[in-house]
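Rule-based calculations on the coordinates, nothing more; no lab input. Note that this is a predicted model, so its numbers are computed, not measured. No Cβ is skipped: glycine too gets one built from the backbone with ideal geometry, and neighbour counts run over all protein chains shown.
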Amino acid sequence: MKKLLTIAALTASTFTAQAEVRINGFANLIGGITSSDDTVYGYEDKISFSEESSFAIQITGDINEKMTATGQILARGEDDYEAKVAWAYMTYQATDKLSISAGRLRLPLFKYSASLDVGYSYHWVNAPRAVYDVEFNNIDGVRFDYSTYAGDWEYNTQLALGKITVDNDNVKFVANNTAVFSVEAVNDWFKARAVYGTSKVTLDSAAITEAISVLNDLGLTELYNNLAYENDTSPFLGLGLEVDKYDWFVSGEITILETEKSFNPKSDAYYVTAGLRLGKFTPSVTYENFDSKEYKFLDQVNALPLPDANKAGIEGLVRGLQEGSFNKHNVITLGLRYDFDTNVAFKTDLSRYDNKLNDAETTLLRVAVNYIF
Amino acid sequence: MNTKKFSKTLIGAALAYSISFLSIAEVVVVVHPSNDAALDAKIVQRIFLGKEKKFSNGKEVLPINQVPSSAARDSFDTNTLGRSSTQIAAYWSKLVFTGKGIPPKELDNDAAVLAIVADNPNAIGYVDSASVSGAVKVISLN
């Protein structure tokens, strides 16, 4: 019966607009356990399924021939599966090559940003967190997607403009005037991608404001302004390369984020991954590195016309503020994906997390079931 | 696929290899008899990956897929699209969840595909060459 209906619908369709509503969804059930009592990505030495698991449903409705409305409701284990509206946007297909979306939508920060929550779309249990673990992935604003091709090459560009608001347990901030521009060139087996973003970020932290207020009291306004995270320009740069010869693939991404005039240290992150496709199995190895461990403004403190004892006190404050955000680690992961079906994959990743701040090495084992419908 | 020889040593791959060997089918692309659009392997690939929405003659294109369990699908994905069916599914999952594309409708078998293609001037499908009827136009991809 269903088949007959499909045939009838297809046959009847002469491309007049159909008031169609599509429902898709995905589920990622991920469990993990570490080798010691050190915590990695929230996992400890007792198995947990709530750190990275997520379930989502997405509804897309055709408003007319050129416009669609999309809503995605996502429940994350780390939020106690509280359902939240992750995306809500309308898309206008201006031409075959250009679409314009407005609402709450995904920022084109990384290669896998668009499908970051859809575990089925990549070979890892989760995308490499050294690069992908940023505080925000969505923007309230507008995004232009332009795609074209010439010969064997395809070119995809995305420009997102708008405002980002982050308000979670870790951090609260607002990023105004955000602009993220990405360009991707793809041929049969090669992909190169570059992204540049900029934003005016204001961090809302009473603790930081209070800590640095003493500098204002001392009349050290320049140092205060350098450390304060208030309406500061944050440029973001990323590059990605991929060679995918079907039987094997190698890819990597590198990102640099810096808010020069804030206490927040510059961070560099990259990963390199390689794998084989052996029938239904995809074994892979991934190396990730994250580094944000560089002091700023120490020269400026040293140059202050103050007694050494006072300078030492100020230097302690300046160092302490930055150290709170220091992080340096690398991760090596051996992974195996098994394609159970065209909508179900099983995965397991074994990772060695090497924390360079305290020289602690921790092993993390994760298993995942990814489902799409 | 010369590296497949190397992968045969592994059990999983050997299994997959024998399965795909068993299911090899001579698949041909079919369109409505009135369809005069220029079609080659590259264009067919772009159509079935959702990158091309119109034929060369400007008419809207309606790609018709087969269900993943069909032998024709396996052969079409591997030989014409150059990817396994699961990779194609992963590809579509990226587009579907970003609102950038809708995968082609899937029908159960050659007969269902032929019925649509014979009837709809916008349709393009693929079937086992043994199933082809006079009601459709066969496209050579070479």
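Shape of chain A from its Cα gyration tensor (a ≥ b ≥ c, root eigenvalues): rounded if a/c is under 1.5, otherwise prolate when a/b > b/c, or oblate? Prolate is the answer for chain A, as a/c is 1.5 or above and a/b outweighs b/c.
When the chain is fully extended, how far beyond the present Cα-Cα distance does A:V171 get from A:Y287, taking 0.36 nm per residue of separation?
Numbers: separation 116, 0.36 × 116 = 41.76 nm, distance 2.76 nm.
Extending this stretch completely gives an extra 39.0 nm.
The mean sequence separation of alpha-carbon pairs under 8 Å and at least six residues apart, normalised by the residue count of region A:19-372, gives a relative contact order of 14 percent. Estimated at 0.36 nm per residue, the fully extended path between A:V272 and A:F49 surpasses their Cα-Cα distance by 77.6 nm. The modelled label-to-label distance between B:A38 and A:Y149, using points 7 Å beyond Cα along the C-beta direction, is 1.5 nm. Taking a spot 7 Å from the Cα of A:L159 along the direction of its beta carbon, which residues of region A:230-251 have an amide N less than 19 Å from it? Zone members listed by number: A:235-238. How far, in degrees from 0 to 90, does helix A:308-323 lean away from the longest principal axis of the Cα atoms of chain A, to the nearest 10? Taking Cα atoms only, the helix is inclined about 10 degrees. Of all lysines in the structure, the ones whose alpha carbon falls short of 28 Å from that of A:K200, not counting any fewer than 8 places away in one chain, are A:K84, A:K111, A:K163, A:K172, A:K261, A:K266, A:K293, A:K296, A:K328.
Projecting label points 7 angstrom from Cα along Cα→Cβ for A:L304 and B:E60 puts them 6.9 nm apart. Model label sites at A:A312 and A:D37, defined 7 Å from Cα along the beta-carbon direction, differ in position by 3.5 nm. Rounded to the nearest Hz, the phi-derived 3J(HN,Hα) couplings of region A:107-123 under the Karplus curve 6.51 cos²θ - 1.76 cosθ + 1.60 (θ = phi - 60°) are 7, x, 6, 10, 4, 9, 4, 4, 10, 4, 7, 9, x, 4, 7, 9, 8, where x marks glycine and proline. Note on region B:25-139: Cα-only Rg and Dmax are 13.1, 40 Å. In the protein assembly as shown, taking the dipole from charged Cβ atoms about the Cα centre, the farthest positive-side position among B:V61, A:N343, A:A160 is held by B:V61. With the charge dipole of chain A set up from +1 on Lys and Arg Cβ and -1 on Asp and Glu Cβ about the Cα centre, the Cα lying farthest toward the positive end among the listed residues A:A127, A:T221, A:A69 is that of A:A69.
Taking the Cα centre of the protein assembly as shown as origin, sum charge times position over the Cβ atoms of Lys and Arg (+1) and Asp and Glu (-1), and report the length of that vector in debye to the nearest 20.
Values: 48 positive and 63 negative charges, 361 e Å.
So the dipole magnitude of the protein assembly as shown works out to roughly 1740 debye.
Rank A:L304, A:L98, A:L276 by mean-square fluctuation in a GNM of chain A with C-alpha springs under 10 angstrom and give only the top-ranked residue. Of A:L304, A:L98, A:L276, the most mobile in the Gaussian network model is A:L304. Considering only A:I254, A:I63, A:I30, the Gaussian network model of chain A with Cα springs below 10 Å gives its largest mean-square fluctuation to A:I63. Between region A:359-373 and region A:181-256, the alpha-carbon centres lie 26 Å apart.
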